[in-house]
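Just below is one structure, and these are the notes that go with it.
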Amino acid sequence: MKQIAVISGKGGTGKSTLVASLSQIVNNKMTADCDVDAPNLHLLLEEKDQQKWDYSGAKEARINYDLCIKCGICKDVCRFGAITEDIVINNLKCEGCNACVVACPQDAMYLEEVNTGWTSVSTTENGTFAHALLDTGAEGSGKLVTEVRKKIVPFENGEEWLIIDGSPGIGCSVIASITGTDAVIAVTEPTKSGLSDLKRVLDLAKHFSIPAFVCINKFDLNMDITNEMEKYCVEKGFMVVGKIPFDPLIVKALQEYKTPVDTGDQEFIDEINSLWNKVTEYLSQ
Ligand code: SF4
Ligand code: SF4
């Protein structure tokens, strides 16, 4: 099964809309939403038979008070101020660094795994779908992205493609989204910041030696920057596989939790088909 990650330098570029549309157009595929901080693909895909798992992505210190002699050493070694004068752990401050566990002369301290989110796999009209949610403020989005990708694998049933809605940005969760994929599609919009973000995600893909393609969403809103983006892509050897025009009907469709494909927008459907064909043709060479 080949894996394609759709990424963007920041959120709100149309990345999830593209993935949702691809999930309707591409045959024989599974889909994973790896934007674990703010998943939204499930809003556009009707889920059935959802299986859900708690996710433990962090550890916190605990005290066995039967052994504790209140010597205060743990409080002194904790750099995060997570242990009070009365030797009580403040869970909101504990980073699970283990220093107190090592320092405790009574072996009274230990780390315990805590739930920081969940993962799920479900069926949709367009194939198997996985997503996850990290608790607000919790650490470890990259690890949870890896977990989502692992969770969907046992459900593979001869599918040819896994389409990944990657995390936005260029941080560790994006790296976890694209690691081991066969190609990435970078979605961007023609703004100055969009161009800067595009360069950063393309650099990231290049760093990991992953073939990268570009889709310019709402390309007709600023032809100067669209031209600049295309020129940059030509110079750097990245293929622009899709240029989607701004269409108020697409905005209206999304407001109604529909994809542009649902609305039967033929121009959009043709463009997405063309985009997919260019990527898959490249990968079949
Ligand atoms: S270091 Fe160990 S024994 Fe000392 S106060 Fe902390 S938990 Fe108790
Ligand atoms: S695990 Fe680290 S952060 Fe948590 S209480 Fe112990 S020393 Fe402090």
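The values are calculated or read from the model by the stated rules, or taken from the named source; none is laboratory data. Everything numeric in this text was worked out from a predicted model, so none of it was measured. Note: ideal-geometry Cβ built from the backbone for every residue, glycine included; neighbour counts use all protein chains shown.
Brief remarks follow.
- So LEU41, is it touching a Leu at 6+ places or on another chain (Cβ under 9 Å), more than 16 Å from ligand 2 (Cβ to nearest atom) and either in the same structural domain as GLN255 (by TED's automatic domain parsing) or of a type in the set (Phe, Trp, Tyr) (or both): no
- Each residue in region 88-100 was checked for being surrounded by fewer than 15 Cβ atoms within 10 Å (Cβ to Cβ) and touching a strand residue (DSSP E or B) at 6+ places or on another chain (Cβ under 9 Å), and 5 pass.
- Residues of region 254-285 that turn out to be free of Cβ contacts under 8 Å to residues at least 12 places away in the same chain and among the aliphatic types (A, V, I, L, M), as a count: 0
- Applying a threshold of 8 Å to beta carbon distances and a minimum spacing of six or more residues, or different chains, the list of pairs starting in region 205-220 at a residue that is in contact (Cβ under 8 Å) with a residue 60 or more places away in the chain and ending at one that is surrounded by fewer than 22 Cβ atoms within 10 Å (Cβ to Cβ) and assigned to a helix (DSSP H, G or I) reads PRO211/TYR282; PRO211/LEU283; PHE213/LYS278; PHE213/TYR282.
- For region 97-119, filtered to residues that are within 8 Å of ligand 1 (Cβ to nearest atom) and aliphatic (A, V, I, L, M), the residue that is nearest to ASP33 (Cα to Cα) is MET109.
- Lone qualifier among ALA103, ALA138, ALA108, ALA132 - being surrounded by 14 or more Cβ atoms within 10 Å (Cβ to Cβ), within 10 Å of ligand 2 (Cβ to nearest atom) and of a type outside the set (Asp, Glu): ALA103
- Residues located in region 68-82, provided they are closer than 15 Å to LEU111 by Cα and more than 7 Å from ligand 1 (Cβ to nearest atom): CYS78, ALA82
- Residue match in region 102-120 (condition: modelled with pLDDT of 95 or more and in contact with a Ser or Thr (Cβ under 6 Å, 6 or more places away or on another chain)): no
- Of the listed requirements (1) over 30 Å from LYS150 (Cα atoms); (2) surrounded by 15 or more Cβ atoms within 10 Å (Cβ to Cβ), GLY237 misses just one: (2).
Residues are listed down the side, and each one gets a yes or a no for (1) without any contact (Cβ under 8 Å) to a residue 40 or more places away in the chain; (2) surrounded by fewer than 22 Cβ atoms within 10 Å (Cβ to Cβ):
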| position | (1), (2) |
| --- | --- |
| LYS15 | no, no |
| THR31 | no, no |
| ASP37 | no, yes |
| LYS52 | no, yes |
| LYS59 | no, yes |
| TYR65 | no, yes |
| GLY81 | yes, yes |
| THR84 | yes, yes |
| SER120 | no, yes |
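- Within region 63-82, the set of residues being more than 10 Å from ligand 2 (Cβ to nearest atom) and among the aliphatic types (A, V, I, L, M) comprises LEU67, ILE69, ILE73.
- Residue within region 183-197 that is within 24 Å of LEU45 (Cβ to Cβ), buried (at least 16 other Cβ atoms within 10 Å of the Cβ) and of a type in the set (Gly, Ala, Ser) present: yes
- Unique residue being touching a strand residue (DSSP E or B) at 6+ places or on another chain (Cβ under 6 Å), within 16 Å of ligand 2 (Cβ to nearest atom) and more than 19 Å from VAL187 (Cα to Cα) when the list is GLU60, GLU85: GLU60
- Condition met for ILE175 (touching a Lys or Arg at 6+ places or on another chain (Cβ under 6 Å) and β-branched (Val, Ile, Thr)): no
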